[in-house]
Amino acid sequence: MLFLSGTLMATGTNILSWAIIKTGSIPVRKAHEVFLARLREGQLDPNHDVERAILRAHYGALQFLVAEAVQIHEWGEGEPGVHNARLFLTAQLKAVNAKNIEALTASLAKDWKGLVPATFEGADISVPETHVDAALAELLGVEGWDENEKQILTHLAYDKTKGWVLAFSAHIRHELKENKEFRAIYTAEVLNIHTIKLDALLEALPRLDEIARDVKEVKEITADTNFEVKKIKAMLTSIMAANHYTNKVGHQYPDYLATALQNLNIPEERWEAEILDALERFVQGMEQLKRHTNLPADMEAKRAEAFALFKQAKLDEGEAILEGLEVAITERFEATARDRARILVDRVPFAAARFDFDKVMDLYERAAQTVLSIDRDQAVNWLWKAASIGYSRGEISGYRRFLDEAGKLYQQALTYVSASDGRALPNQGETWGALKNNLGLVYATLGERGDDAALAKVIKAYEDALKEWRRDKLPLQWATTKNNLGSAYVALGARGEEGALEKAILAFEDALEERTRDKVPLQWATTKNNLGSAYAILGERGEEGVFEKAILAFEDALEERTRDKVPLDWATTKNNLGNAYALLGERGEEGVFEKAILAFEDALEERTRDKVPLDWAATKNNLGNVYLVLGARGEEGALEQAILAFEDALEERICDKVPLDWAMTMANMGRVLWGKGDFEAAKKCLRGALGVFRELEASYYVEHVGTTMRGFGLDPDVQ
């Protein structure tokens, strides 16, 4: 099983990403009326929420197609078509986000109804083929594609498993989840289209008189002339109703049971006890048999034989046949279930080769559910794999839905290895601890992106893991969780929690007692990197003498984190080293800004936008911070360089994806625009960032931006 290990990445010194503060959602009824009125007038909403959402999905899906083609067919980034397409799509998305969309939406209104989903949740989006044709034509219209590349893009666009429609659907669902105004208008139109189906839906609801009907039928089975049988049936009716058996047994069963009890000469005083016992045994047998429909002929014959004995009150003989039948069915079911699960898992490499990781996760999850009742350990293992893929995708892409799905899968796996008190089942301690550790990583990543509720769960998850991953039993796993616990405390410390950074340093020092350079050099380097980040943030808070410790820790880490061995980890530590130099430079040390810029430029050689878009944006943000400080000190052209770096960062630091990072870079942009004399734009940036920090309850950043605004003569509490 895969153990995930956290890697802390400092996001910069002077904090700081763009936010639109959304108002409350429009009531559905009002939105419905407004939408239909605008539709009749040939318009969509004047605020462009619908248009922008659909266009973001439209161009995002085209970006996905280009990325798929590059990955699958190993096209170089320097290919003319790839290069021109990326520039074109980036420019279009910039125009959409800037609301400069009038020229882009000429044909959108007439296609609107074709973009409504078939049902409310989880359905594929129904898109007319003409819309796909238009999207593909727009992409192929970019200069630079050769004929072979055009054929590949066309094939991908119409592919049922990873084509433009599925990518578009995924973007629309994201908009529905995150954009309140869009969701209200969109839902209103869905209601309008589906109103005609509501009556049919109501008819499909369970009928409330079902129990009464069944009881009536039981009471009507009184044709027998035998008085004792009638008395037994009367008692049976009462017992069945009182004990909620009415809907669990067949309507002929009361007749069978009454006759059986009489033929067995059961005394009347024992009828009630015998009825309850027989009912329970019968229901258990029926529930077992209901699992298996369409039995083979030999098994169906055995089942009929058992019921014949039942009618004759030969309960022991009938039950013995059913028990033997259940064993045979179970054996056959287990073999079939394992085969089905193996086929599902065998499909994983095919989905992975198409980079369809949603399918990969789904296949592992379905395989796990298929074998859960017969092989719990294998089910947990497959759920673990699905969760690990979701975590990796969410960490790299920034989309929360992947992280939420990973958390759900880890929690599901935990239920299968946990006792009723929540602790590990016997012999499941190592697995239980690993799942808790990985769940902590998911919460930590969500917390880094602004989810305070998730951040609050991180510490408990890691502390739970340490209950089973003890140092005396599993020293390296214990050290891994100590390292991750330290990273969680760093995240809390970055939010301003008192004493968290000191706890982080203690946790990292604990981890280094087992994560030695001799035993596990790369893990030692990871913890050294994280220790350096904790010291750097302490230095940013004003503690003396810790920047030097931070730089030493990063330099130690780089002795093992070399570019040849682990290029992305090397780049992460280079980024963090650049932050430490930048902080030292702010405090007046000579010649360190140049070192910071060199470190960030080194990091960007591996932290490319295609490989790790959010890490690329973080380093661009940090590089912008250095130029911001240099510009404030009078260096010519530095402020312009800062603006370019922050604009780059905002291409990936989108509020819907990473609100905390978005607000950080937006606050930085506000500071540099103020330095350039563009005061109105600066105020919008700063107020937007402050609003998001307040919404996220990020108190340290609220205070930081408030101090910046007061320094500019602005009141943080006035909009």
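Here, each number is a calculation from the coordinates, and none is a lab measurement. In this text, all values refer to a predicted model and were calculated from it rather than measured experimentally. Don't worry about glycine lacking a Cβ; one is built from the backbone with ideal geometry, like all the others, and counts go over all protein chains shown.
In sequence order, what are the phi-derived ³J(HN,Hα) couplings for the stretch 590-596 according to the Karplus relation 6.51 cos²θ - 1.76 cosθ + 1.60 with θ = phi - 60°, rounded to whole Hz, with x for glycine and proline?
Values per residue, Gly and Pro as x: 6, x, 8, 4, 4, 5, 4 Hz.
Once you place label points 7 Å from the Cα toward the Cβ at Lys150 and Asp452, how far apart are they in nm?
Here the modelled spin labels are 5.5 nm apart.
Can you tell me the FRET efficiency between Arg347 and Glu497 if r is taken as the Cβ-Cβ distance and R0 is 41 Å, rounded to the nearest 0.05?
After rounding to 0.05, the efficiency reads 0.35.
Once amide H atoms are built 1.01 Å from N in the peptide plane, which residues 5 or more positions from Ala424, or in another chain, come under 5 Å H to H?
Residues meeting the amide H criterion: Ala419.
Which length gain, in nm to one decimal place, applies between Ser699 and Tyr399 when the Cα-Cα distance is subtracted from 0.36 nm times their residue separation?
105.6 nm
Tally Lys/Arg at +1 and Asp/Glu at -1 over every other residue whose Cβ is under 13 Å from the Cβ of Leu714; what's the total?
Residues near Leu714 contribute +2 overall.
Please compute the modelled spin-label separation between Arg338 and Ile374, points set 7 Å along Cα→Cβ, answer in nm with one decimal.
So the label points at Ile374 and Arg338 sit 0.7 nm apart.
Please give the contour-minus-distance gain from Asp421 to Lys94: 0.36 nm per residue of separation, less the Cα-Cα distance, rounded to one decimal in nm.
Contour length minus Cα-Cα distance gives 112.5 nm.
At 0.36 nm per residue, minus the direct Cα-Cα distance, what do Ala134 and Glu305 gain on full extension? Give it in nm, one decimal, please.
Stretched fully, the Ala134-Glu305 segment lengthens by 55.1 nm.
Is the stretch 447-547 best put as rounded, prolate or oblate by its Cα gyration tensor, with a ≥ b ≥ c the root eigenvalues, rounded for a/c under 1.5, and otherwise prolate when a/b is larger than b/c, oblate when not?
oblate
For a test of the definition: using alpha carbon positions, the gyration tensor, and the 1.5 limit on a/c, classify the stretch 474-602 as rounded, prolate or oblate.
It comes out oblate by the Cα gyration axes.
Where a ≥ b ≥ c are the square roots of the eigenvalues of the C-alpha gyration tensor, would you call the stretch 355-473 rounded, which needs a/c under 1.5, or, failing that, prolate if a/b is larger than b/c, or oblate? Before the final figure, lay out each step's value.
Values: a/c = 2.17, a/b = 1.07, b/c = 2.02.
Oblate.
Distance in nm between label sites at Gln411 and Leu598, each 7 Å beyond Cα in the beta-carbon direction?
Between Gln411 and Leu598, the simple spin-label model gives 4.9 nm.
Determine, for the stretch 474-602, the count of lysine pairs separated by eight or more sequence positions (or lying on different chains) whose alpha-carbon distance falls under 18 Å.
14
What ³J(HN,Hα) values, in whole Hz, does the Karplus curve 6.51 cos²θ - 1.76 cosθ + 1.60 give for the stretch 416-428 when θ = phi - 60°, with x put for Gly and Pro?
Per-residue couplings from phi come out as 8, 10, 10, 7, 5, 7, x, 7, 5, 5, x, 6, 10 Hz.
Quick one: check the C-alpha center-to-center distance for the stretch 613-630 versus the stretch 699-719, whole angstrom.
Measuring centre to centre over Cα atoms gives 22 Å.
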